[in-house]
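Please read the structure below before turning to the comments.
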Amino acid sequence: MTTTPWKFTAKEIVEKPELFTSGHRACAGCGPAIALRQIMKATRGPTIVTSATGCMEVVSTIYPYTAWKVPFIHTAFENVAANASGIEAALKVMKRKGRLEHENVDVIAFAGDGGTFDIGIQALSGAAERGHDFLYILYDNEAYMNTGIQRSGGTPHGASTTTSPAGRVIPGKPQYKKPIADIMVAHDIPYVATASISSWQDLLVKTRKGLEIEGPAFMHVFTPCPRGWRYDPSKTIEIARLGVETCIFPLWETIDGEYSLSPQSKILALKPERKKKVTEYLKMQRRFRHLFKPEFKHVIDEIQQMVDKRWNRLLKRCNMTQASQS
Amino acid sequence: MAITQQKTLAINGDEAVALAVKQSDVDVVAAYPITPQTIIVERFSEYVADGEVETEFVCTESEHSALTACLAASAMGARTFTASASAGLALMHEILYVTSGCRAPVVMAIVNRALSAPINIHCDHSDSMVERDSGWIQIYAENSQETYDSIIQAFRIAEHLKVLLPIMVCLDAFVLSHTLENVQVLADETVQKFVGLRDVPQVMGHEGREVPFKLDPSNPITMGPLDLYDYYFEHKRQQEEAMKVAPQIIQEVHEEFSQISGRKYGNGLIDAYHLEDADIATVCVGSTAGTTKTVVDRLRKEGVKAGLLRLRTFRPLPLTDIVKTMENVKAVAVMDRSNSFGGHGGPIYHEIRHSLYDSPTHPHVVNYIYGLGGRDMPPAIILNIYKDLQEILKTKRVKRDVQFAGVR
Ligand SMILES: Cc1ncc(C[n+]2csc(CCOP(=O)(O)OP(=O)(O)O)c2C)c(N)n1
Ligand code: SF4
Ligand SMILES: [Mg+2]
């Protein structure tokens, strides 16, 4: 694929009408709501949005109100990729039969980590394999927030959730985060990216790429949740940025399976001394508070080791093996 | 309208379904294979591969996704079809309710098959009967001809602006799905003209103006929202109102179809066989009605006033028709090809007994659970059921109200 990245000015973005409007009922400082607003600023024309059950669906469509200025449909929790498949199939056949009013209509499907890593992975994998033309957005707040902060396959190691509580014996979630974006790369789809709400230009450019590309595109967006991660709502962007700066959530993309680091992470590869320790990130969130007790300190080391291991693996995939260990 | 030219094809029930779908100008077919429905999906795949249809065919990774894709395509204003059976239908359970709740007129063929465990691929009605409360219209066909005719009619009924409800057309596994039968088929153009193009109603949009009820970038609406105690109940009541209108539309479409095909199935809702003067009668759905009719013929020759009521639609339940046609019947045996474990009788029994509760003649109503997992229902067993009814008629006493027929 060769597309020249979309160029825009901040002014243009501000002036572009909001397609995900205010008035929704998300908590103050909600990372996923910020992501949706930013993503909808990158649409290029007629767009249909479909979502899985989860916080963002629930806060934005309380009948008879809606925050959506585009056609929107939600059907269930585990099937958003199948929604997108059906919408795209209908668009194709209507176009063929001359019944489509618009030259092109983009399809965006979004789901949380629960709706993607766990219950929705079958429908997602199927839709990716079939090659439907749509952009899938995973907004990752690292737990089932809508139902009260239960662990998911996207919850990080050591985090305390209501189904992986930090107890006297077990220090939060024993398992590590599933490498979901790599799993999507392994589907050999044309575009996969990770993005963070702390780097909004990068998020917008990647959204536009995902829409422009023909076939399935997948974007994993890092979206802190003050309610579930237990931090002050004013810190959402700061925490998202720390996630990138610690390499807990590196920013990269694959075009036709070729990995490349995005600027905010590339700089850390080139200047490893700028890579921050995971403790800086962990200490800001009360979901990790128990890890700072003496008996659970080893978990922080485990987290750092896993972050380094995955970061180095990513560097290799991006042909940046020269980077030193942190 | 005149009865049009038709061809006779020797095809099985599944092939009849695939052909009816091919002729009905369907926009999106999304499906997943399961015995005994597979032939439908395979035949349709061949039509696609040979360029005989313009349909977008989505071969999904599960039934859950198949129905979801149909639902979403239907929300786009497309005409959609899927087919399933048994475990596949059970996997769709969640989305059945979402489909009817979104008022998406999806048409689905169900090839009735037993539910696991133990695993069994043969006919009974457990799979669709358990979904009777899911907000779908249910039509049960007696033979492959009726299956073909019903699929075509189903698009007109489901998509009717006063109905907008999904429909299951049910046919018996193997007995119909895999058995060759002479089926009269209409010309492609005749079917296309009959089904027409799908239309959508106008609804009040979020911005206070009327918009088409579909996902349309020029007129954005939100579908499938969060709907709490302040509106949900009204939406559910609207679904019930649509079910109340459905019988009239089913009958109108059935009547109109008979004018081009020359074929009728009772009044479209029920198929009454020798009930006018019957003292005793059985009630059933599906292919067992065919066998039962031959038994009734035999009894009639012997001077026994026997009859049969076949329900063509189980949802909506044709309650007034049931009461009216059973007016003079004194003993009724309901035949259920599924069981409601621990519930004292099968689902059809519950409905028929309930329907006849207020009938002035107050007949005896008994229940026979039969044919689970494809167990054969030969004429001899049906004859015994009528014998039991004669006994009840004579003694005016019911020995056992619910029993199994044909079980060891
Ligand atoms: C089949 C099914 N199982 C469980 C639920 C309950 N449920 C609704 S949303 C949700 C969690 C959503 O988590 P996620 O996808 O991470 O989105 P978030 O709420 O965190 O934004 C769950 C478990 C459901 N709606 N459907
Ligand atoms: S719980 Fe978290 S994700 Fe959900 S609305 Fe609140 S801040 Fe947003
Ligand atoms: Mg979540």
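Bear in mind that the values in this text are calculations on the coordinates, not laboratory data. What you see is a predicted model; the values in this text were computed from it and never measured. Positions of Cβ are backbone-derived with ideal geometry, glycine not excepted, and every protein chain shown enters the neighbour counts.
3J(HN,Hα) along the stretch B:155-166: 4, 5, 6, 4, 7, 4, 5, 8, 10, 6, 10, x Hz, from the Karplus curve 6.51 cos²θ - 1.76 cosθ + 1.60 with θ = phi - 60°, whole Hz, x for Gly and Pro. The local environment of B:Val283, defined by Cβ-Cβ distances under 15 Å, has a net charge of -2 under the rule Lys, Arg +1 and Asp, Glu -1. For the stretch A:199-278 and the stretch B:196-228, what is the separation of their C-alpha centers, rounded to whole Å? The stretch A:199-278 and the stretch B:196-228 have Cα centres separated by 36 Å.
Give, in nm to one decimal, the length gained when the segment between A:Tyr63 and A:Thr147 is fully stretched (0.36 nm per residue of separation minus the Cα-Cα distance). So the chain would gain 28.3 nm between A:Tyr63 and A:Thr147. Can you compute the label reach from B:Arg298? Point 7 Å from Cα along the Cβ direction, backbone N cut-off under 17 Å, restricted to the stretch B:358-383. Backbone N within reach: B:376-383. Take every pair of alpha-carbon atoms less than 8 Å apart whose residues are at least six positions apart; their mean separation over the length of the stretch B:270-405 yields a relative contact order of 27 percent.
Helix A:200-212 and the longest principal axis of the Cα set of chain A meet at an angle near 40°. Using just the C-alpha positions of chain B as equal point scatterers, what log10 of I(q)/I(0) does the Debye formula give at each q in 0.10 1/Å? Summing over Cα pairs of chain B leads to -0.66. Amide H contacts of B:Cys170 (H built 1.01 Å from N, in plane; Pro and chain starts excluded): B:Ile110, B:Ile139, B:Tyr140, B:Ala141 sit under 5 Å, all sequence-distant by 5 or more or on other chains. With contacts taken as Cα pairs under 8 Å at a separation of at least 6 residues, chain A carries a relative contact order of 16 percent. Any idea which of A:Asn146, A:Val169, A:Ile62 is furthest toward the positive side of the dipole for the stretch A:10-317, if Lys and Arg beta-carbons carry +1 and Asp and Glu beta-carbons -1? The residue sitting farthest along the positive end of the dipole is A:Val169. Note on the stretch B:245-302 and the stretch A:120-183: Cα centroid distance 54 Å, given to the nearest whole angstrom.
Just to verify a number: FRET efficiency for B:His93 and A:Lys297, C-beta to C-beta distance, R0 = 51 Å, to 0.05? That pair, B:His93 with A:Lys297, gives E of 0.60. Subtracting the Cα-Cα distance of A:Lys316 and A:Ile183 from 0.36 nm times their residue separation leaves 46.2 nm of extension gain.
Above 21 Å, the calculated P(r) of the stretch A:1-145 contains 47 percent of its Cα-Cα pairs.
Phi-derived couplings, Karplus 6.51 cos²θ - 1.76 cosθ + 1.60 at θ = phi - 60°, listed residue by residue for the stretch B:395-407: 8, 6, 9, 9, 7, 9, 7, 10, 8, 9, 10, x, 10 Hz, with x used for Gly and Pro. When only alpha carbons are used to place a centre, the stretch B:6-33 and the stretch A:34-84 end up 35 Å from one another. The Cβ shell under 10 Å around B:Ala30 holds other residues with a net charge of -2, Lys and Arg each +1, Asp and Glu each -1. What the Cα atoms of the stretch A:168-290 give is an Rg and a Dmax of 15.6, 51 Å. Model label sites at B:Val402 and B:Ser45, defined 7 Å from Cα along the beta-carbon direction, differ in position by 4.2 nm. Looking at the stretch B:270-405, the DSSP beta bridges with both ends there are about 15 percent antiparallel. Largest GNM mean-square fluctuation among A:Tyr176, A:Tyr63, A:Tyr191, using chain A with Cα springs under 10 Å: A:Tyr63. Place a +1 charge on the Cβ of each Lys and Arg in the protein assembly as shown and a -1 charge on the Cβ of each Asp and Glu, then give the dipole magnitude about the Cα centre in debye, rounded to the nearest 20. About 2480 debye. Given in Å, the Rg to one decimal and the Dmax to the nearest whole number for the Cα atoms of the stretch A:75-149 are 14.1, 47. How large is log10 I(q)/I(0) at q = 0.11 Å⁻¹ when the Debye formula is applied to the Cα atoms of the stretch B:270-405, each weighted equally and without solvent? Summing over Cα pairs of the stretch B:270-405 leads to -0.33. Compared with the dominant Cα axis of chain B, that is its longest principal axis, helix B:288-301 is turned about 30°. Each DSSP beta bridge with both residues in the protein assembly as shown is either parallel or antiparallel, and the antiparallel ones are about 25%. Looking at the stretch A:62-219, the DSSP beta bridges with both ends there are about 15 percent antiparallel. Residue by residue along B:76-84, Cβ atoms of other protein chains within 10 Å of the local Cβ number 3 on average. Expressed as a fraction of 2.2 N^0.38 Å, the C-alpha radius of gyration for the protein assembly as shown is 1.10. Ordered from longest to shortest, the equivalent ellipsoid semi-axes for the stretch B:40-85 are 18, 14, 8 Å, each the square root of 5 times a Cα gyration tensor eigenvalue. For B:Phe404, the amide hydrogen comes within under 5 Å of the amide hydrogens of B:Ile369, counting only partners 5 or more places away or on other chains and with H modelled in the peptide plane. In the distance distribution for chain A, Cα-Cα pairs more than 31 Å apart total 28 percent. Peptides A:64-73, B:337-346, B:26-35 ranked from most to least packed by the mean count of surrounding Cβ atoms within 10 Å: B:26-35, A:64-73, B:337-346. Neighbours of B:Arg156, meaning other residues whose beta-carbon lies under 14 angstrom from its beta-carbon, give a summed charge of -3 when Lys and Arg score +1 and Asp and Glu score -1.
Over chain B, what is the relative contact order in percent, taking alpha-carbon pairs closer than 8 angstrom and at least six residues apart? RCO, chain B: 16 percent.
In order along the stretch B:249-256, phi translates into HN-Hα couplings of 5, 4, 5, 4, 5, 4, 5, 4 Hz, rounded to whole numbers, per the Karplus curve 6.51 cos²θ - 1.76 cosθ + 1.60 with θ = phi - 60° and x for Gly and Pro. Near A:Ser164, the amide H atoms lying under 5 Å from its own belong to A:Arg151; only residues 5 or more places off or on other chains count, and H is placed 1.01 Å from N. Adding -39500 (n - 2.57) for every DSSP H run of four residues or longer, then dividing by how many residues chain B holds, sets the calculated 222 nm ellipticity at -12500 deg cm²/dmol. Site pair B:Val323 and A:Glu258 shows an inter-label distance of 7.5 nm when each label is modelled 7 Å from Cα along Cα→Cβ.
Considering only A:Met320, B:Val98, A:Ala90, the residue lying farthest towards the positive end of the dipole of the protein assembly as shown is A:Met320, judged by Cα position with unit charges set on Cβ.
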